[in-house]
Amino acid sequence: MRCVILTLDGAAPDRALPIVREMARRHAASVVVVHVGDARDEVESLVAALRAEGIAAELEAHPETPAGAAQIVADAARRREGGLIVVATGRPRQAEDLPSPGLTRRLLGAAPCPVVAVPAAA
């Protein structure tokens, strides 16, 4: 596994981060946070925090496209030789927090590697 892909489906990454950290450390893999949409502040902070912990991390940001967020994330996993996609799922606080309706469900069918969907805390 060369990298772990992390994407946010309308949820904060808090519960997904322990999985991402563990897999990155266990496999000496990098982390690529794939973000689709405009608001990038939270994900830029997340990447900086991972780097501060000694994890090789980078942000791959994309504008919305007709192909949809699931296809963008799946394509990133293919290009980066991702061994795992971790999706932080949950109900968005605002509609624009959700990159694409049903991202997690669509990603399950498009992904070239295993997908772990981590629900937000109740």
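Kindly provide the set of residues from region 55-112 that are part of a loop (DSSP other than H, G, I, E, B), acidic (D, E) and at pLDDT 90 or above, ordered by number.
Matches in region 55-112: E81 only.
Quick check: anything in region 22-32 acidic (D, E) and outside any helix (DSSP H, G or I)?
no
Quick check on region 51-64. Is at least one of its residues small (G, A, S), buried (at least 22 other Cβ atoms within 10 Å of the Cβ) and within 16 Å of A120 (Cα to Cα)?
no
Where residues in region 2-42 are in contact (Cβ under 8 Å) with a residue 40 or more places away in the chain and at positive phi, which of them is surrounded by the fewest Cβ atoms within 10 Å (Cβ to Cβ)?
Of everything passing the filter in region 2-42, G37 is surrounded by the fewest Cβ atoms within 10 Å (Cβ to Cβ).
The values are calculated or read from the model by the stated rules, or taken from the named source; none is laboratory data. What you are looking at is a predicted structure, and each value in this text was computed from that prediction instead of being measured. Virtual Cβ from ideal backbone geometry, glycine too; neighbours counted across all protein chains shown.
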